[in-house]
1. Being buried (at least 17 other Cβ atoms within 10 Å of the Cβ), touching a strand residue (DSSP E or B) at 6+ places or on another chain (Cβ under 7 Å) and of a type in the set (A, V, I, L, M, F, W, C) is the filter here, so list the residues in the range 20-67 that pass it.
2. Name the residue, out of GLY358, GLY276, that is within 16 Å of the ligand (Cβ to nearest atom), among the small types (Gly, Ala, Ser) and under 26 Å from TYR412 (Cα atoms).
3. Any idea which residue in the range 215-252 is nearest to THR135 (Cα to Cα), counting only those that are of a type in the set (A, V, I, L, M, F, W, C) and more than 14 Å from the ligand (Cβ to nearest atom)?
4. Name every residue in the range 223-234 that is surrounded by 16 or more Cβ atoms within 10 Å (Cβ to Cβ) and farther than 19 Å from TYR10 by Cβ, in order of residue number.
5. Check whether at least one residue in the range 20-35 is among the hydroxyl-bearing types (Ser, Thr, Tyr) and more than 16 Å from the ligand (Cβ to nearest atom), and report yes or no.
6. Pull out all pairs, ordered by first then second residue, where Cβ-Cβ is under 9 Å, the residues are six or more apart or on different chains, the first lies in the range 76-104 and is outside the structural domain of ALA25 (by TED's automatic domain parsing), and the second is crowded, with 24+ Cβ neighbours inside 10 Å.
7. Within the bounds of the range 99-107, is there any residue that is of a type in the set (S, T, N, Q) and either within 15 Å of the ligand (Cβ to nearest atom) or within 26 Å of MET19 (Cβ to Cβ) (or both)?
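The values are calculated or read from the model by the stated rules, or taken from the named source; none is laboratory data. Only a predicted model underlies this, so the values are computations on that prediction, with no experimental measurement involved. Methodologically, a virtual Cβ is constructed for each residue, glycine included, from the backbone with ideal geometry; neighbour enumeration extends over all protein chains shown.
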Amino acid sequence: MLSLPEYNEYLASTRDERMGWWREARFGMFVHYGLYSQVGRNEWYQVCENVPVEEYEALANTFAPKEGACREWAALAKKAGAKYMVLTTRHHEGFSLWDSKVNPFNSVNYGPHRDIVREFVDACREFDLKIGFYTSLMDWHHPDAGIAAFDTEARKRFTKYIRDLNEELLTQYGKIDILWYDVSEPMNSWEGWDSLSRNQYLRSIQPHIIINDRSKLPEDFGTPEEHITPESRDWEACMTFNGISWGYLDSAQAAPYSYTPQRIVAMLQTCCERGGNLLLNVGPMPDGSVPPEVIEPMSKVGEWLSVNGEAVYGKLVKTYGNQNQANGVSRSSTKGNTVYVWYKIWSPSPDGTMGCGGFSNAPESVSFMDGTPIEFEHKGHRIILKGLPKENPDKIIGVPVIKMTFKETPQYCFASYFPQLNKGRQVDEIL
Ligand code: GLC
C-alpha cells in the first residue's frame, strides 16, 4: 500500500489522463432515488422526523420503481445535454439499489426485486453517458455505524462493510467512471474511515475512476454543494433542482422553487468561466418517473446546448475576473482564442449597437453561433458590435451567444472606471 504522500503523487501523475473527459464534459445529472422518494419530504426524512429504523424499513416493501425508469432518466440527461449521470446507489438510509451480498436490505430482496443499479448502468451505456455511483459513508441502518467512532471492533466491521459494498459496486458492472462519496460521519479522519487503503483498493479495480473529496481525502475533485464556488483544483458544484430537497417533492409545490432553463444556463456559464462542472439533481417520483417540473427546463437547456454547446464543452480557459465580464448583462466563456459572450438580457441601443468592454486587442471576426457575421469596431479596450437586431436572437430561451475569434490570445484588461490604468498594461501587471 502506498503512503499518503505517495498516493497523492500517484493521483497527481495520472489525473490529467483520468480526468480529461470529465473536464470537457462540464454538465452531469445527479439522481437521488431511494425509499425516501416515496415520502416526498426530503431524503433526510428518517432522521429529521426521528423515524425508528424498524418503521422506516417498511418502506422497502412498498418501493416500486416502474420498469424502464432508469432509461427515462438517461433519456432526459441525454436530451438536456448532460454527459454523465451519478446515481445514489445507497443513500444514508442504507438501502442498496443493487443485488448486494453484504447488505440484505436491498432492492432485490425487497420491493421491486430488481437490480436498479444494473438497470441504471445499462441505461447510461445505451445513451452514451459516463457512469457515476454515489455511495454514502454514513449509514442510518447498519447497527455498527452509530458506534463505530468509539468502538474499535464496530469500526472494523463497519469499515469492512463499506469496503465490501463499494467492491461489489465496482466489480459487478464493468467500467465505472466516477465514485461519489458522501457524508463521512461519525468518524472524522481518513484513518477512521480507512479511506487510504479502501480507495487504493477500489482504484486497483477501476484504474480510470475519478473519486470526489468526501471520504476525508482530497482525491480528484472538490464538491461545493448548493453554491457555485470555484476551487483552486478540479471542482463540481452539485445543485438541487429546487433548493429544498435532493429527494422527490410534490411536483406542483416544488415547481415554483425550481430552476428555469435560463437559470440553469446561468449556472453553467459560471462553471464554464470558473473552470468547474455542474452536477444538477433530479429527484424521481416514487415510481421512478421524472418529475414533471424538470422535464421542460431540462429539455430547453438541451435544445439551447445543441446550438451553443461549443461555448460549454471542451477545453475552456479559466477567465474569471472583472476583465472578462463582456458587459453588464453578459458574461463569457473562453476556448483557445475564442471568446463566447453569453447574454442574459438582449438590449441593443436604438442604433443597433452594444459594447463589450475589457478587450485590448481586436477580434478577427465576430458572429452569432449559426455563423451569421456581426460587424464590429475595436476602439481602445472596447469592442462595439453593430447592426444588432432589436429582437432577442435566441428563440429557445432568450440567451444568445456571440462568438468572437481572435488571431492571438485575447488580451483582457479591466472594463474599467479608470481607463488610464489600461494603457498597454495587462491585468497581472496592475498591482
Ligand atoms: C448532502 C446530503 C445529501 C445529499 C448530498 C448531495 O451531504 O446529506 O442528502 O445527497 O449532500 O451532495
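1. Result: TRP22, ALA25, PHE27, MET29, PHE30, VAL31.
2. Details: GLY358 fails: within 16 Å of the ligand (Cβ to nearest atom).
Of GLY358, GLY276, the one residue that is within 16 Å of the ligand (Cβ to nearest atom), among the small types (Gly, Ala, Ser) and under 26 Å from TYR412 (Cα atoms) is GLY276.
3. Taking the range 215-252 as the starting set, the residues that turn out to be of a type in the set (A, V, I, L, M, F, W, C) are 217, 221, 228, 235, 237-239, 241, 244, 246, 249, 252.
Those still in the list that are more than 14 Å from the ligand (Cβ to nearest atom) too: 217, 252.
Values: LEU217: 15, ALA252: 30 Å.
For the range 215-252, the residue satisfying everything is LEU217.
4. If we filter the range 223-234 for residues that are surrounded by 16 or more Cβ atoms within 10 Å (Cβ to Cβ), which is where we start, we get 223, 228, 230-231, 234.
Result: THR223, ILE228, PRO230, GLU231.
5. Step one: list which residues in the range 20-35 are among the hydroxyl-bearing types (Ser, Thr, Tyr), which gives 33.
Remaining after also requiring more than 16 Å from the ligand (Cβ to nearest atom): none.
Looking for residues that are among the hydroxyl-bearing types (Ser, Thr, Tyr) and more than 16 Å from the ligand (Cβ to nearest atom), one finds none in the range 20-35, hence no.
6. none
7. Looking only at the range 99-107, we keep the residues that are of a type in the set (S, T, N, Q), and these are 100, 103, 106-107.
After this cut, where a residue has to be either within 15 Å of the ligand (Cβ to nearest atom) or within 26 Å of MET19 (Cβ to Cβ) (or both) as well, the list is none.
Checked the range 99-107: no residue is of a type in the set (S, T, N, Q) and either within 15 Å of the ligand (Cβ to nearest atom) or within 26 Å of MET19 (Cβ to Cβ) (or both).
So that you can scan it fast, the table gives a plain yes or no per residue for (1) among the basic types (Lys, Arg); (2) within 26 Å of TRP346 (Cα to Cα); (3) assigned by TED's automatic domain parsing to the domain that holds THR338; (4) in a strand (DSSP E or B):
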{"residue": "ARG214", "(1), (2), (3), (4)": "yes, no, no, no"}
{"residue": "LEU217", "(1), (2), (3), (4)": "no, no, no, no"}
{"residue": "CYS238", "(1), (2), (3), (4)": "no, no, no, yes"}
{"residue": "GLY247", "(1), (2), (3), (4)": "no, no, no, no"}
{"residue": "ALA252", "(1), (2), (3), (4)": "no, no, no, no"}
{"residue": "MET285", "(1), (2), (3), (4)": "no, no, no, no"}
{"residue": "GLY288", "(1), (2), (3), (4)": "no, no, no, no"}
{"residue": "SER299", "(1), (2), (3), (4)": "no, yes, no, no"}
